[in-house]
Structures are given as structure tokens and as C-alpha cells.
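The values are calculated or read from the model by the stated rules, or taken from the named source; none is laboratory data. Note that this is a predicted model, so its numbers are computed, not measured. All Cβ positions, glycine included, derive from the backbone under ideal geometry; neighbour counts span all protein chains shown. In case anyone asks, the SASA skips ligands and DNA or RNA and just uses the protein heavy atoms, side chains included. Shrake-Rupley method; radii C 1.70, N 1.55, O 1.52, S 1.80 Å.
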Amino acid sequence: MGRSRRTLPEELLLLALDPATGTTAQPQSLDLGLAGAQLVELALAGRIAPDGDRIAVVVPRPTGDPTLDCALELLRRRGAPVRAVHWIGGPRLGLRQTYLSHLERCGMVHAVAGQMCGVLPTTRYQATDTEISREIRARLDSAIRTGVPPDPRTAALAALAHAVGLGKHLYPGNEGRSSRSRLRDLIRHDPMGGLVAHAVMDVQNGVATQPRRSSAPAGRQAPGGRGAPEPARGVPAQPRRGSMARAVAH
């Protein structure tokens, strides 16, 4: 996989990066979204494929992207298809920081050292080329504004942005309400993106820790998810069972 195209985890992180503060919006759920974005990117590269609510490795050949290949190898070692909700809900030690450092090495962002309260060291990240972030945002805006079905990559990016709660960051206030609604509805345009987005929301809502039960009607928010994004209308919720490991935010 060449560097002529940005990966979905990179694009999701650039969307979440606040140009004014140099911090990322929704930092805890963003780690889950990045893990989900890795799955979608690997699926687009033909390395994995959905098997019901599970993810199966179909071509274990490396992509050439070290971060993606690490995830691919971990999936391969499982030996059997793994539930998307369990993969995304597994320990994610510093995945957000891993990608921030990756973007810094690629020259997409640069780190700015600082201090909190004049004592604690902090690091903020500024995009080195704001045109890249504007291009990513323009793709979402176009899909929302025109109503034309987007390409799978943009649809998956929209699904992930909604799942991690970036809607209020990208389209704030009452004036952004309709855009947030349409962002949510873009989930239906990519099956893999929809599967992963629902898994991200299920982890946040704690659904994966509950006993298996029949799927809720489409568009209905899962129990325990007060304040979390609601699933897209018209997209069936994924089957839910088993237990999950607690996600670790960096």
C-alpha cells in the first residue's frame, strides 16, 4: 500500500484534530474509532472480510503499512474469525498516540511542546498542511449536502465519525443538527463501515457485556448509551453476545 493515499485511521484522526487547540475531539472514543478504521482499511485492501458480525482474514499478505500490518498479524494469530465488537473493545494502549506519531513522521502534523498549569508537560499537534484536512472535510460535506451516495471510503469515514461522536465537533449547534442527522444516515452506504460503526457504538454503550438478545429495531439507541450516538435509521443493529475487554484510552 503506497503513501499516495491516506488511510482511514489517518483521515479520522485529522478530522478529530482541532486546528485551534492542537488537541483531538472525543479522545476516549477516538481510540475505538481508530481500531475500527483499521478494520475498514484492511477490508478495502482485500485482507479481511466480514463473516456475519465477525471479521475473517482472507489474505494475510502485508499491506506495507506497518501499523495496519500489526493489526492484520494480530487478527491472523486469532486463527478464527473474531467478533468486531470484541476486537474493537480489546485493549488499545495508546493507539491514538501511535497514529499521531505516525502522522508526525509522515510530515502531516508537527508536535508542539507545552505545559499544563506551568508544571505538567503536554504535547499538542498542529496540521502542517491544512489543505489535507479541508479536502477530507469537503468530502463529508459534499456527501451530506448533495445526497449522492458516497464512495465506500467516504461512507466508512462518515460512519466512523458519527460512531465516535465527531458530529457535534464537525457540525456544532442547532444549525448543525440536520447535518449531524445526515452524517449518521451515511452509515447505510457501506456495509463494512456500518458493521464497524455499530461495533464502536456497542462498545461505548456496554452492549457487548450484556447477554445475547434479539437485535433492537433499526435506529433505536442501545440501552445504557445515554449521550452516545444513535445508530443510523434503516441499518439493522449487529448481533450482540459474549463479553468484551475494557477499552484502554491513552
Could you count how many residues in the range 35-56 are closer than 19 Å to residue 157 by Cβ and either part of a loop (DSSP other than H, G, I, E, B) or not acidic (Asp, Glu) (or both)? 15
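Listed here are the residues, each with its yes/no results for (1) open to solvent by 70 Å² or more (accessible area, probe 1.4 Å); (2) at pLDDT 95 or above.
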{"site": "91", "(1), (2)": "yes, no"}
{"site": "114", "(1), (2)": "no, no"}
{"site": "149", "(1), (2)": "yes, no"}
{"site": "160", "(1), (2)": "no, yes"}
Could you look through the range 116-137, keep only residues that are among the aliphatic types (A, V, I, L, M) and surrounded by fewer than 11 Cβ atoms within 10 Å (Cβ to Cβ), and pick out the one that is modelled with the highest pLDDT? 120
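Could you name every one of the helices (runs of 4 or more DSSP H) located completely within the range 57-160 that has at least 2 residues being free of Cβ contacts under 8 Å to residues at least 24 places away in the same chain and acidic (Asp, Glu)?
Working: elements: 66-78, 84-89, 95-105, 130-146.
The qualifying helices (runs of 4 or more DSSP H) are 66-78, 130-146.
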For a quick check of your reading of the model, give me the residue pairs whose first member lies in the range 175-203 and is open to solvent by 20 Å² or more (accessible area, probe 1.4 Å), whose second is outside any helix (DSSP H, G or I) and basic (Lys, Arg), with beta-carbon atoms closer than 8 Å and at least 6 apart or on different chains. 184/233; 185/233
Could we say that residue 109 is buried (at least 23 other Cβ atoms within 10 Å of the Cβ), under 22 Å from residue 39 (Cβ atoms) and at pLDDT below 90 here? no
Checking residue 51 against (1) touching a helix residue (DSSP H, G or I) at 6+ places or on another chain (Cβ under 9 Å); (2) open to solvent by 20 Å² or more (accessible area, probe 1.4 Å); (3) among the charged types (D, E, K, R), the condition it does not meet: (1)
Quick test of your reading of the structure: residue 166 fulfils all but one of (1) among the aliphatic types (A, V, I, L, M); (2) open to solvent by less than 50 Å² (accessible area, probe 1.4 Å); (3) over 19 Å from the mean Cα position of the chain (by Cα). Name the failing condition by number. (3)
Kindly provide the set of residues from the range 161-175 that are assigned to a helix (DSSP H, G or I) and closer than 19 Å to residue 12 by Cβ, ordered by number. 161, 162, 163, 167, 168, 169, 170
Report the residue count in the range 38-62 for those that are farther than 22 Å from residue 197 by Cβ and out of contact with any strand residue (DSSP E or B) (no Cβ under 9 Å at 6 or more places or on another chain). 3
Output the residues belonging to the range 138-147 that are open to solvent by less than 40 Å² (accessible area, probe 1.4 Å) and under 27 Å from residue 46 (Cα atoms). 140, 143
